[in-house]
Amino acid sequence: MAVGGAQGTPARGPGPPHGGGTRARRAGSPAGPSRHGRQPLIGGSQKDRRRTFASLRVRNFRLFFAGQLISQVGNWLTSIALTLLVLHRTHSGLAIGVLGACQFGPILLLGPWAGLLADRSDKRRLLIATQALEMAQSFTLAGLAFAHNAPLLAFYATALAGGLVLAFDNPARRSFVPEMVPGERVQNAVSLNSALMTGSRVVGPAVAGALVVSVGYGWCFTVDAVSYIAVLVALWMMRPAELHRGKATVKARGQVREGLRYVRNIPDLWLPLAMVAVIGTLTFNFSVVMPLFVERTLHGTDASFTLIFSVLSLGSLVGALAAARRRSIDLRAIVVAAAAFGAAMLVFAAAPDLAGAFPLALLLGFASVSFMTVSTAIVQVRALPPMRGRVIALQSMLLLGSTPIGGPLLGAICDAYGARAGLVVGGLAGLAAAGWGFLKGRRFISYRIPARSARLLEEPEAAGAETV
């Protein structure tokens, strides 16, 4: 049950944006800023618009994209249905937090080793294995739901099994994207994949709400299980000879520590990751706080929750498209995005009723994905190919793996002080992370990296000499 966020991170976590990079000017084109004093944005010309879907011309990526388009919607069916099932059985925020701990706890424990396995392995074959196991998990959840009297512990155990698989699937899936396209299309492929993941968050919760109300939880899990067929067929039909694989990491001792040392020595890796750790723990736990806020504070229904979640996700999609127009990514952008995310959550916490919550959810979604887009972009582009799997796994560990800490904590806060209090804690955490990032990163704040820094992907030796 690889639920996006990040991306998936996420599943909750989205991928990086389109970005700039230095381009040769066409004859007759003006040099420098426009007459309004601003650099032209990417996507402003017809040529740039044609490039939006450039990666889909690559057969392997086109297959992957089509499979994910179906499967990611299915993943959200399971995520929403399982959350609502636990909420209706227990009426406890802490119980929802424990569910999140089962789903994402393995990422916290196994993240670095899972990333190392992704660096060492044939990612396509690894993904075939993990996706097949996730299909089996969804079928198991369907069987438990159709049984009607299955104990809650069985759902927790199945979620934990899915979390173990997700720990290995997430870094492999995210680091596989750059292998499917040539270097000059990597950022385009990652951006399209990010838009797909975010778009699935709009459709999936709405479909989940309709299915839960009309036919029950079991059919949500069943549809998700069947959707994995699309991914497995897509992976099977790929042409391995056309993949752009980097040199596999040779097995050796101390490679997990090597990855941690690598991150520690590069400010535009460790600073965003530290901010992700704080925000992932206390701000990004939408699956815990949101259903409690809608049901208890706004007196809504299951349909209200799924609709608000879809509106939030629509804001995320708009935010991803806006971030994709950035010419470059720097630490300042991450600090600003974190502050905007925290402020948006505080504003959403003040929603007086359901009608007022909908537009504020749009704002919250926009701000949340803006933070994740810029923080993920700088991490994915900045990490060298031999280290990418480990760095992405570390980001997933800090974003999704922090759920076992933040989920139960926020659930308990919501039970004791109300769901608004949980949102306020998340908003303050976002502002605190932004303030810390600004103070800690002032010495690096002027350093900028092009968002289409293909040179970092294609010339690892040169890039490494500049940064380590």
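Anything in region 239-262 that is surrounded by 19 or more Cβ atoms within 10 Å (Cβ to Cβ) and modelled with pLDDT of 75 or more? List them, or say none.
The answer is Gly259, Tyr262.
Would you say Phe146 is crowded, with 17+ Cβ neighbours inside 10 Å and of a type in the set (Phe, Trp, Tyr)?
Answer is no for this residue.
Mind counting the residues in region 125-172 that are touching a helix residue (DSSP H, G or I) at 6+ places or on another chain (Cβ under 6 Å) and among the charged types (D, E, K, R)?
Going through region 125-172 one residue at a time, the tally reaches 2.
Which one is farthest from the chain's Cα centre (by Cα), of the residues in region 177-233 that are among the β-branched types (Val, Ile, Thr) and in a loop (DSSP other than H, G, I, E, B)?
Val215
Residues in region 133-140: is at least one among the polar types (S, T, N, Q), in contact (Cβ under 8 Å) with a residue 60 or more places away in the chain and on the phi < 0 side of the Ramachandran plot?
Among the residues of region 133-140, at least one is among the polar types (S, T, N, Q), in contact (Cβ under 8 Å) with a residue 60 or more places away in the chain and on the phi < 0 side of the Ramachandran plot, which makes the answer yes.
May I ask you to list pairs of residues, at least six apart or on different chains, whose Cβ atoms are under 7 Å apart, with the first in region 74-96 being more than 17 Å from Phe293 (Cβ to Cβ) and the second being charged (D, E, K, R)?
Gly74/Asp224; Asn75/Asp224; Trp76/Arg201; Leu77/Asp224; Thr78/Asp224
As an exercise: evaluate Val294 against (1) surrounded by fewer than 20 Cβ atoms within 10 Å (Cβ to Cβ); (2) among the β-branched types (Val, Ile, Thr); (3) farther than 17 Å from Ala429 by Cβ and give the number of the one condition it does not meet.
The single condition Val294 does not satisfy is (1).
What number of residues within region 313-326 are over 21 Å from Gly437 (Cβ atoms) and either at pLDDT 90 or above or over 16 Å from the mean Cα position of the chain (by Cα) (or both)?
3
Applying the selection to region 311-324, what residues are crowded, with 24+ Cβ neighbours inside 10 Å and either within 17 Å of Ser79 (Cβ to Cβ) or in contact with a Cys (Cβ under 9 Å, 6 or more places away or on another chain) (or both)?
Matches in region 311-324: Leu312, Ser313, Ser316.
Do the conditions hold for Ala172, that is, is it of a type in the set (A, V, I, L, M, F, W, C) and either in contact with a strand residue (DSSP E or B) (Cβ under 9 Å, 6 or more places away or on another chain) or not in a helix (DSSP H, G or I) (or both)?
Here the answer is no, as Ala172 does not meet what is asked.
The values are calculated or read from the model by the stated rules, or taken from the named source; none is laboratory data. In this text, all values refer to a predicted model and were calculated from it rather than measured experimentally. Neighbour counts are summed over all protein chains in view; Cβ atoms, including those assigned to glycine, are modelled from backbone coordinates with ideal geometry.
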